[in-house]
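Notes follow the structure.
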Amino acid sequence: MKSALITGITGQDGSYLAEYLLGMSYRVIGVTRKINSTGNSLPSGLLDRVELVEWNPLEQSSVEKLLSTYQPDEVYNFAGYSTGSGMYDDPVGIGEVNGLAVVRILEAMRAVAPSARFCQASSREIFGEAHESPQSERTEPNPRSPYGAAKLYADTMIKIYRARYDLFAASAILFNHESPRRGESFITRKIARTAVRIKLGVEGELKLGNLDTLRDWGFAGDYVEAMWLMLQQGQADDYVIATGVSHSVRDVCQIAFERVGLDYRNYVREDSAMFRPSEPLPLVGDATKAREHLHWSPKLGFRDMICQMVDHDLALLRQEGARVPGLR
């Protein structure tokens, strides 16, 4: 039986990957900072099938003990700060968790688990103000936030450890990927949830920034499959994981509100105070390498993904009706 260690098990990607690997009879070790608070964050049915263990990603001894004890075949690192407005809030913490913690994992692998295979969840934020569009593995990185800089540092160190120590270490350069498990601070989930709340009479309007902002949005369940495929190859390498198609925030609003029978134009307001600096070129991924080498391509389309998110929040809010004022 193969074993996989997943850091950030309670997040969107961690839970989808855990389900995917369990479906292939993996032993899954879920890594978290606090086990006591993990149960409420995992989807139902997953808690009893995953072995949970605590770690401190800021302590080298904790990381080494983890890998030495479990000797996993595969390691997937989803731990870290997320994108969004928080990309600038704590640059020191972001550097520690999204950058140096990855090097601690690599050092621990070199010391106690050199045969393990490692996949780092990198980000399209390494391209920042991109010099070309679409972006591929050959695109020059140009991060414009502490988050993007920390991810780029981790990617660079992975290349160094791969070349110098022959570790099987790879970076998945992930473009935006969403699902019903997306955190409520992310714009796609915010739109889906608010559309439902407006339909149910709980809220009256939704304020957003620039509705014409473009993103390459895919489904998280498809993207974790790509990361698994990366670790099944004969050689470690880095891959852009993306759909190659951009959609606007306005597109998300239109689909989400249509799903509940509403016209978004009657409820969504642009607020200039919420505008973020726009990119000079669209952030759109070129996943040709993943298609050709991994034989991977996204399965769930954009519209169906947004509809899934709306349906999930509709069911969730109806279940929570007693706790939502005005909901019947």
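Looking only at residues in segment 124-153 that are within 28 Å of L5 (Cβ to Cβ) and touching a strand residue (DSSP E or B) at 6+ places or on another chain (Cβ under 6 Å), which one is surrounded by the fewest Cβ atoms within 10 Å (Cβ to Cβ)? Only one residue fits best here, namely E137.
In segment 44-61, what count of residues is obtained for those that are modelled with pLDDT under 85 and in contact with a helix residue (DSSP H, G or I) (Cβ under 7 Å, 6 or more places away or on another chain)? Break it down stepwise before answering.
Going through segment 44-61, the residues modelled with pLDDT under 85 turn out to be 44-45, 47.
Applying the additional criterion that residues be in contact with a helix residue (DSSP H, G or I) (Cβ under 7 Å, 6 or more places away or on another chain) yields 47.
The total comes to 1.
Scan segment 18-26 and give yes if some residue there is small (G, A, S), part of a helix (DSSP H, G or I) and touching a residue at least 12 places away in the same chain (Cβ under 8 Å), otherwise no. Checking segment 18-26: at least one residue is small (G, A, S), part of a helix (DSSP H, G or I) and touching a residue at least 12 places away in the same chain (Cβ under 8 Å).
Do we find that E107 is in contact with a His (Cβ under 7 Å, 6 or more places away or on another chain) and surrounded by fewer than 22 Cβ atoms within 10 Å (Cβ to Cβ) in this structure? Step through it out loud before you land on a result.
Details: in contact with a His (Cβ under 7 Å, 6 or more places away or on another chain): no; surrounded by fewer than 22 Cβ atoms within 10 Å (Cβ to Cβ): yes.
No, not satisfied.
For segment 178-207, the candidate set comprises residues that are part of a strand (DSSP E or B) and either in contact with a Pro (Cβ under 9 Å, 6 or more places away or on another chain) or charged (D, E, K, R) (or both); within that set, the residue that is surrounded by the most Cβ atoms within 10 Å (Cβ to Cβ) is E178.
Taking residues in segment 175-195 that are within 22 Å of K151 (Cα to Cα), and partners anywhere that are among the acidic types (D, E) and outside any helix (DSSP H, G or I), the pairs with Cβ atoms closer than 8 Å and at least 6 places apart or on different chains are F175/D216; N176/D216; F186/E178. Scoring M305 on the criteria (1) out of contact with any helix residue (DSSP H, G or I) (no Cβ under 6 Å at 6 or more places or on another chain); (2) part of a loop (DSSP other than H, G, I, E, B); (3) hydrophobic (A, V, I, L, M, F, W, C); (4) modelled with pLDDT of 95 or more leaves a single failure, condition (2).
Only one of E59, E64 is within 23 Å of A113 (Cβ to Cβ) and either buried (at least 18 other Cβ atoms within 10 Å of the Cβ) or not assigned by TED's automatic domain parsing to the domain that holds D155 (or both); which?
Working: E59 fails: either buried (at least 18 other Cβ atoms within 10 Å of the Cβ) or not assigned by TED's automatic domain parsing to the domain that holds D155 (or both).
Unique residue meeting the criteria: E64.
The condition of being among the charged types (D, E, K, R), modelled with pLDDT of 95 or more, farther than 23 Å from K65 by Cα and more than 19 Å from the chain's Cα centre (by Cα) holds for only one of R124, R164, that being R164.
You will find that of L229, L262, the residue that is surrounded by fewer than 20 Cβ atoms within 10 Å (Cβ to Cβ) and in a loop (DSSP other than H, G, I, E, B) is L262 and no other. Being within 24 Å of A172 (Cα to Cα), of a type in the set (F, W, Y), in contact with a Ser or Thr (Cβ under 9 Å, 6 or more places away or on another chain) and not in a helix (DSSP H, G or I) holds for only one residue in Y76, Y81, and it is Y76.
Taking every residue in segment 211-240 that is under 22 Å from D304 (Cα atoms) and pairing it with any residue that is of a type in the set (D, E) and surrounded by fewer than 19 Cβ atoms within 10 Å (Cβ to Cβ), at least 6 positions away or on another chain, the pairs with Cβ-Cβ distances below 6 Å are L211/E270. Among the candidates S171, S246, the residue that is among the hydroxyl-bearing types (S, T, Y), over 27 Å from Q308 (Cβ atoms) and surrounded by 19 or more Cβ atoms within 10 Å (Cβ to Cβ) is uniquely S171.
Here is the figure for segment 159-177: residues that are under 17 Å from D238 (Cα atoms) and assigned to a strand (DSSP E or B) total 7. Quick one: is S115 in a loop (DSSP other than H, G, I, E, B) and of a type in the set (S, T, N, Q)? In short, yes. Against the criterion of being within 21 Å of G221 (Cα to Cα), in a helix (DSSP H, G or I) and at pLDDT 95 or above, A4 does not qualify. Only residues that are aliphatic (A, V, I, L, M) and at pLDDT 95 or above were counted in segment 272-302, giving 5.
Out of the residues in segment 129-149 meeting the condition of being touching a residue at least 60 places away in the same chain (Cβ under 8 Å) and small (G, A, S), tell me which one is farthest from S246 (Cα to Cα). Applying the filter and picking the extreme gives G148.
The values are calculated or read from the model by the stated rules, or taken from the named source; none is laboratory data. Keep in mind that this is a model prediction, so the values were computed, not measured. Every residue, glycine as well, gets a Cβ built from its backbone with ideal geometry; the counts of neighbours run over all protein chains shown.
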